[in-house]
Each structure stands twice: as structure tokens, then as C-alpha cells.
């Protein structure tokens, strides 16, 4: 499993269920121990770090299923993000500008939010650490079309701001709309890394690696 990610780029890991996409994100975050190889950010070795140390290096993680502190309010969840790297309060404001709906729900218990709102909160919490790299695992899973569009627009904005984004996404149409490059993953290995246009030009790649087409 080998790939690189540049500032202002969206790289998508694409493959069937069980191909190793989520496992890759967990390995980057130190939640699963890498058995070999090296994971670096701007020359800094991450492989030996403990999970709570990785976000402090500037990697924001939005896991599949959101993993919010469901009994805490929206505000408290965001404050936890700010505390991770002692981010300036302006970072909170920038996050709320991307998700204005959260501003209306700051004192609401996060477990009572809708699925789309919870996804917004999980993403905003990750942004509160002011990351240079953002890992998004199935961010549109189970969301209604209007929420999917909102998440897509935020990803585009973050890319324009120079964030490096590693995306795991099963919805092919979302991948084609967002990604700059695609890593086709099978059995825990990158089989090919291609510009997204190559996927548009050759639908057989989708059929081979994702089972659609």
C-alpha cells in the first residue's frame, strides 16, 4: 500500500468492501499498528506515534459512523477539537462558516442531531484542529441528497484552501465529482493510481475494482 498526497488535492481510495480502505486510514491515525513500512507527514515519521499524538501533527480524521461524543453538546464536541492542538478561536468560526446549521444547534446534545448534522459536526470537529490533512471515511454514507451536496461543497472549499484530503467513498458519482486522483485498492494493495479522468474514460476499471459499471 503506497501513495502520496499533495496540498490542495483530493485522493480517493476506491475498491470493494473489505479491500483495506478503512484499515489504511486507521493505520495512518495509529489506531492500527503498521507492521512494516513508513507513514510520514512533511518529513515527520508518524508510524511510531501513539493515536492521540497523530492529530497533534495536523491530521484531522472523520471516521465512518462519525464517532461523536453523543452525550455532549455540539459546542462541547467542537471544543474538544480545539483543545487537541490548542487552536485559535478563529478556527472554530471558520468551521462554523462552512456549517452554519451547527451554529443554530451549539447547545443541542449531539446524539439528537440528524444523520447529516452529525456528519457536519464530525467534520467540523476535525477542522477545529486546523489540520493540513483531512481523512474522510464514507462521508456521504446514509445521507439525503441535500446533505450529500453540502458535504461535497465543503470538500471542494477545503481543497481550494490548500487542504490535502484523503477520501474513502463508495458512491462513484461522488468520487468522479470530487477526486483529482484515484487509488484502486484490492486485497489491501494499491493496484493502480490514476487521474480521475482515466476512470471516466474507462468504465471497465470500475467494474473490475468496484463491481459496478
>> For the range 43-62, which positions are surrounded by fewer than 16 Cβ atoms within 10 Å (Cβ to Cβ) and touching a residue at least 24 places away in the same chain (Cβ under 8 Å)?
In response: 56
>> Based on this model, can you work out whether residue 68 counts as buried (at least 17 other Cβ atoms within 10 Å of the Cβ) and in a helix (DSSP H, G or I)?
In response: no
> So how many residues does the range 197-208 have that are closer than 15 Å to residue 15 by Cβ and in contact with a strand residue (DSSP E or B) (Cβ under 9 Å, 6 or more places away or on another chain)?
Replying inline: 4
> How many residues are free of Cβ contacts under 8 Å to residues at least 60 places away in the same chain and outside any helix (DSSP H, G or I) when one looks only at the range 19-41?
Replying inline: 11
> Does the range 4-18 hold any residues that are part of a loop (DSSP other than H, G, I, E, B), touching a helix residue (DSSP H, G or I) at 6+ places or on another chain (Cβ under 9 Å) and more than 20 Å from residue 130 (Cα to Cα), and which are they?
Replying inline: 15, 16
> Does the range 133-158 hold any residues that are more than 12 Å from the chain's Cα centre (by Cα) and either assigned to a helix (DSSP H, G or I) or within 17 Å of residue 59 (Cα to Cα) (or both), and which are they?
Replying inline: 145, 146, 147, 148, 149, 150, 153, 156, 157
> Considering 184, 166, which residue is closer than 18 Å to residue 18 by Cα, modelled with pLDDT of 95 or more and not in a helix (DSSP H, G or I)?
Replying inline: 166
> Residues of the range 193-213 being out of contact with any helix residue (DSSP H, G or I) (no Cβ under 8 Å at 6 or more places or on another chain) and either closer than 23 Å to residue 164 by Cβ or touching a residue at least 40 places away in the same chain (Cβ under 8 Å) (or both), which ones?
Replying inline: 193, 195, 197, 209, 211
>> Can you tell me which residue is farthest from residue 157 (Cα to Cα) among those in the range 80-134 that are buried (at least 21 other Cβ atoms within 10 Å of the Cβ) and in contact with a strand residue (DSSP E or B) (Cβ under 7 Å, 6 or more places away or on another chain)?
In response: 110
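Considering only residues that are in contact (Cβ under 8 Å) with a residue 60 or more places away in the chain and buried (at least 19 other Cβ atoms within 10 Å of the Cβ), look in the range 139-157 and name the one that is farthest from residue 122 (Cα to Cα). I'd like the intermediate steps shown before the answer.
From the range 139-157, those in contact (Cβ under 8 Å) with a residue 60 or more places away in the chain are 139, 141, 155; that's our starting set.
Going one step further and asking which of them are buried (at least 19 other Cβ atoms within 10 Å of the Cβ), we end up with 139, 155.
Details: 139: 10, 155: 13 Å.
Result: 155.
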> Of all residues in the range 71-112, which are in contact (Cβ under 8 Å) with a residue 12 or more places away in the chain, under 18 Å from residue 57 (Cα atoms) and not in a helix (DSSP H, G or I)?
Replying inline: 87, 88
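The values are calculated or read from the model by the stated rules, or taken from the named source; none is laboratory data. Note that the structure is predicted; figures quoted are calculated from it, not measured. Note that each Cβ is placed from the backbone with ideal geometry, even for glycine, and that neighbours are counted across all protein chains shown.
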